[in-house]
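So the structure is just underneath, and the comments pick up after that.
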Amino acid sequence: MASTQRKIIHTPQAPAAIGPYSQAIQVENQLFISGQLGIDPAAGTLVPGGVVAETRQALANVQAILEEASFTVQDVVQVQVFLADINDFAAMNEVYATFFTTNPPARAAFQVAALPKGGRVEILVQALRAARE
């Protein structure tokens, strides 16, 4: 029986983990991306500008990790969005819609009590790469 290979994905184009976890884990044709905050990878701090700017940066971080693992936005099948304030849903959704423009993935969005580093939004992604011809 063949063993399943886990590959740690890391890119300096996304923020380093702020705890004992990996940016992402690839298992065969699946990619599990850890929750991404709106952290500027160069500065290591949240971007200014509130939930809109943080959503844009979190999604840029997701994109960088997808690219590092040779996945695309079209490979994303499920997203979970955690908001510090559910009243930010509409603002987050406007930015989100510019990232997933066609055939958007399944998604859930939740309000949580707090996010690391005082973030307003955290985005967790799972991707599945179909066989490419």
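What follows draws every value from the coordinates through simple rules; no lab data is involved. Owing to the predicted nature of the structure, the values given are computational and were not obtained by experimental measurement. Quick reminder, even Gly has a Cβ in these numbers, built from the backbone with ideal geometry, and neighbours come from all protein chains shown.
Quick rundown of the values:
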read-out	value
Computed over region 6-128, Kirkwood Rh from alpha-carbon pairs, angstrom	14.2
Length-normalised contact order for the chain - Cα pairs under 8 Å, 6+ apart - percent	29
Point-to-point label distance, N103-F32, nm (Cα→Cβ direction, 7 Å offset)	2.5
For region 1-56, alpha-carbon Rg relative to the globular expectation (2.2 N^0.38 Å, N residues)	1.39
DSSP-defined antiparallel bridges as percent of all bridges, region 1-113, nearest 5	60
0 to 90° range, to nearest 10: angle between helix 50-68 axis and the chain longest Cα axis	10
GNM flexibility winner over the chain from A90, A14, A69 (Cα, springs under 10 Å)	A90
